[in-house]
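The values are calculated or read from the model by the stated rules, or taken from the named source; none is laboratory data. Worth saying up front: this structure is predicted, and the values here are computed from it rather than measured. The protein model used for the area step is the full one, side chains on, heavy atoms only, and it has no ligands, DNA or RNA in it. Shrake-Rupley method; radii C 1.70, N 1.55, O 1.52, S 1.80 Å.
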Amino acid sequence: MFYGYRYLNLHHEEYAYEKTSVALWVPIGALICYSLNVYSGLGSILAAGITGTIASFIPLINKQSSYLKKLPAAIYCGAFVGMSSTEISPSIEFALAAGFITGILYMLSKNLFLGLGGKLGTIAFIGVAVVYLINSFY
């Protein structure tokens with residue numbers, strides 16, 4: 001912990017946002033993973049693995065594109081949303097709503113938690129938890 005605080009550049013002077021066009025891929029990743037998880041019966045781990053693996057090949061379409069290089073992380077963040085149990089995420093609409101909330105959080109957290117593991121899973125957890133709480137009130 002001392003090493004991380006002392007030697008990693010965790011303090012940023014500027015605050016940057018991720019582009020909306022990149023953050024829109026988070027709900028797409030959530031829908032793909034949720035569909036593989038629930039409708040194909042593959043299970044959450046295998047569905048997220050397939051989604052992440054397919055997303056990792058997207059930058060190969062055009063190796064010079066900086067936009068395509070950003071998509072695998074966004075899609076994989078959505079895959080964490082799609083991994084939710086059907087007891088928590090009962091429908092594809094729930095997964096889509098959680099994907100959009102997670103996409104907003106992904107967009108806002110571009111410069112946060114750099115160099116630390118678990119950022120994408122934490123963002124996905126918060127997105128699913130927010131939609132679950134909103135859903136439980138109605």
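In whole percent, how big is the carbon plus sulfur part of the accessible area of the range 12-137, probe 1.4 Å, protein atoms only?
The value for the range 12-137 is 68 percent carbon and sulfur by accessible area.
Rounded to the nearest whole Å², what accessible area per residue is found for the chain with the 1.4 Å probe?
Here the residues of the chain average 61 Å² of exposed surface.
Over the chain, what is the mean sequence separation of C-alpha contacts under 8 Å (at least six apart), divided by residue count, expressed as relative contact order in percent?
33 percent.
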